[in-house]
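Asks: A single structure is presented below for examination.
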Amino acid sequence: MKGVVTKSTGSWYVVRCQGETYECRLRGKIRLEGIKETNPVAVGDYVAIEMDEGSNVITEILPRKNHILRQSVKKTGHSNILAANIDQAVLVATVQQPRTSLGFIDRFLVSAEAFRIPQVLIFNKQDLLTDDQMAMLHEWKKKYEAVGISVYILSALQGNGLNEIKNILSNKISLVAGHSGVGKSTLLNQISDSIRQSTQQISAATEKGTHTTTFAEMFWIDDNTAVIDTPGVKEWGLVDMSAQEISDYFPEMRERRLLCKFGSKCLHLHEPGCAIIKAVEEGAIWFSRYENLINMTTGSDNRK
Ligand SMILES: Nc1nc2c(ncn2[C@@H]2O[C@H](COP(=O)(O)OP(=O)(O)OP(=O)(O)O)[C@@H](O)[C@H]2O)c(=O)[nH]1
Ligand SMILES: [Mg+2]
Ligand SMILES: [Zn+2]
């Protein structure tokens, strides 16, 4: 039987086949070619399962159309797949409680853009913001929308703006990611009555979440719509990307970089005739995006 992995704990998995769910283990060592991953089977993977001596086992992982990958914090040289075969990558971010940096946001967007997975940015906890912070968010929204990323500002707690979110999730499989405590599970609970994820207050001392959601899990809202709630991530490290390649994953730089005097050798640092630097100076590229590109290509980002 073939099905889709809807939950992964690392040692056992839930697989959905024809509307039924099965708890499964992995047969022996299934290894994917190439990348070293901490979790060879991810939520969203299509797999073949069999009954084996009274228990269900995953015998095969079918080819993936894409996946969202980040550098593992615990095991260096390893990467961690958040989900596979997704139509849309949704990042839930907050200005405070906890703070999500623009560097973290851009690394997430780059990781999705590497597979041309459309990205959605949701700024949650609008109710906590001052007028000045709201004005700043509206500026960010304009700048991200100019490069093709959809941006929503809302409060999952108060429930405003949820119809728009239901619409953008409709008929797609969406990954929902972000730092711990930004309100991913709170938002998903509001989206569908069938989702009843635990949520928990962030720590008053550190203003950070407490990793309430511990495993990635896919929920089907209707026959064609699914969302994947994921545990909060602290850091977002890029996996296997060369400096030249990274600017290709910034949509506003993709074509401009071809005009650099040194062509594909240009790292857009201080080379003469750099089309990217020129566009930043002219205000056609947002300085924050440029700064984050340089942090990624020079490896000087702290990932947070
Ligand atoms: N003020 C405010 N608080 C919110 C909002 N959305 C969620 N929260 C609160 O933020 C806290 C964390 O929410 P969760 O939904 O558990 O966060 P999470 O992103 O799922 O966290 P992890 O599962 O740890 O990754 C809870 O106390 C929520 O009530 C919001 O829009 N405004
Ligand atoms: Mg959660
Ligand atoms: Zn350049």
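Per-residue answers, yes or no, for (1) over 16 Å from THR6 (Cβ atoms); (2) assigned by TED's automatic domain parsing to the domain that holds VAL95; (3) open to solvent by less than 40 Å² (accessible area, probe 1.4 Å); (4) within 16 Å of ligand 2 (Cβ to nearest atom):
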residue: SER170; (1), (2), (3), (4): yes, yes, no, no
residue: VAL176; (1), (2), (3), (4): no, yes, yes, yes
residue: GLN201; (1), (2), (3), (4): yes, yes, no, yes
residue: MET218; (1), (2), (3), (4): no, yes, yes, yes
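Asks: Moving on to the next point. Among the candidates ASN224, ASN163, single out the residue that is away from ligand 1 (no atom under 16 Å from the Cβ) and either open to solvent by 70 Å² or more (accessible area, probe 1.4 Å) or touching a Phe, Trp or Tyr at 6+ places or on another chain (Cβ under 7 Å) (or both). Working first, answer last.
Replies: Working: ASN163 fails: away from ligand 1 (no atom under 16 Å from the Cβ).
The conditions single out ASN224.
Asks: Next up: So which residues in the stretch 230-246 are more than 16 Å from ligand 1 (Cβ to nearest atom) and small (Gly, Ala, Ser), if there are any at all? Please lay out each step first, then the result.
Replies: First, the residues of the stretch 230-246 that are more than 16 Å from ligand 1 (Cβ to nearest atom): 237-246.
Listed by number, the residues that qualify are GLY237, SER242, ALA243.
Asks: Collect the residues in the stretch 274-286 that are open to solvent by 50 Å² or more (accessible area, probe 1.4 Å) and near ligand 3 (Cβ under 9 Å from one of its atoms), keeping them in residue-number order.
Replies: Hit for the stretch 274-286 is LYS278, nothing else.
Asks: On to the next question. Just the residues that are free of Cβ contacts under 8 Å to residues at least 24 places away in the same chain and buried (at least 17 other Cβ atoms within 10 Å of the Cβ), please, taken from the stretch 92-139.
Replies: Hit for the stretch 92-139 is ILE105, nothing else.
Asks: Right, here's the next one. Out of LEU238, LEU293, LEU259, which single residue is more than 16 Å from ligand 2 (Cβ to nearest atom) and either under 23 Å from GLY44 (Cα atoms) or modelled with pLDDT under 95 (or both)? Full working, then the answer.
Replies: Numbers: LEU293 fails: either under 23 Å from GLY44 (Cα atoms) or modelled with pLDDT under 95 (or both); LEU259 fails: either under 23 Å from GLY44 (Cα atoms) or modelled with pLDDT under 95 (or both).
None of the other options fit; the residue is LEU238.
Asks: If you don't mind, another one. Could you list, in sequence order, the residues of the stretch 241-273 that are open to solvent by 60 Å² or more (accessible area, probe 1.4 Å) and hydroxyl-bearing (Ser, Thr, Tyr)?
Replies: SER264 - this is the single residue of the stretch 241-273 that is open to solvent by 60 Å² or more (accessible area, probe 1.4 Å) and hydroxyl-bearing (Ser, Thr, Tyr).
Asks: So which of LYS278, LYS265, LYS184 ends up being modelled with pLDDT of 95 or more and over 19 Å from LEU91 (Cα atoms)?
Replies: On the way: LYS265 fails: modelled with pLDDT of 95 or more; LYS184 fails: over 19 Å from LEU91 (Cα atoms).
Being modelled with pLDDT of 95 or more and over 19 Å from LEU91 (Cα atoms) holds for just one of LYS278, LYS265, LYS184, which is LYS278.
Asks: Now for a separate question. Scan the stretch 223-235 for residues that are more than 16 Å from ligand 2 (Cβ to nearest atom) and in contact (Cβ under 8 Å) with a residue 24 or more places away in the chain and jot them down.
Replies: First pass over the stretch 223-235, keeping only residues more than 16 Å from ligand 2 (Cβ to nearest atom): 223-226, 235.
Of everything in the stretch 223-235, those that are more than 16 Å from ligand 2 (Cβ to nearest atom) and in contact (Cβ under 8 Å) with a residue 24 or more places away in the chain turn out to be ASN224, THR225, ALA226, GLU235.
Asks: Mind checking which residues of the stretch 251-280 are free of Cβ contacts under 8 Å to residues at least 40 places away in the same chain and within 19 Å of GLU139 (Cβ to Cβ)? Please lay out each step first, then the result.
Replies: Just the residues of the stretch 251-280 that are free of Cβ contacts under 8 Å to residues at least 40 places away in the same chain, to begin with: 254-280.
Across the stretch 251-280, the qualifying residues are ALA279, VAL280.
Asks: Check the stretch 282-299 and report whether any residue there is without any contact (Cβ under 8 Å) to a residue 24 or more places away in the chain, touching a His at 6+ places or on another chain (Cβ under 7 Å) and farther than 16 Å from LYS143 by Cα.
Replies: no
Asks: Something else now. Exactly one of these conditions fails for SER192: (1) modelled with pLDDT under 95; (2) among the small types (Gly, Ala, Ser); (3) in contact with a strand residue (DSSP E or B) (Cβ under 6 Å, 6 or more places away or on another chain); (4) within 19 Å of ASN80 (Cα to Cα). Give me its number.
Replies: (4)
Asks: Here is a further query. Restrict the check to the stretch 142-154 and report whether at least one residue is more than 11 Å from ligand 2 (Cβ to nearest atom), in contact with a Leu (Cβ under 7 Å, 6 or more places away or on another chain), farther than 28 Å from ILE81 by Cβ and open to solvent by 40 Å² or more (accessible area, probe 1.4 Å).
Replies: There is no residue in the stretch 142-154 that is more than 11 Å from ligand 2 (Cβ to nearest atom), in contact with a Leu (Cβ under 7 Å, 6 or more places away or on another chain), farther than 28 Å from ILE81 by Cβ and open to solvent by 40 Å² or more (accessible area, probe 1.4 Å).
The values are calculated or read from the model by the stated rules, or taken from the named source; none is laboratory data. The structure displayed is predicted, hence computed values, not measured ones. Glycine gets a Cβ as well: all are built from the backbone with ideal geometry, and neighbour counts include every protein chain shown. Just so you know, the surface numbers come from the protein's heavy atoms only, side chains and all, with ligands and any DNA or RNA stripped out. Shrake-Rupley method; radii C 1.70, N 1.55, O 1.52, S 1.80 Å.
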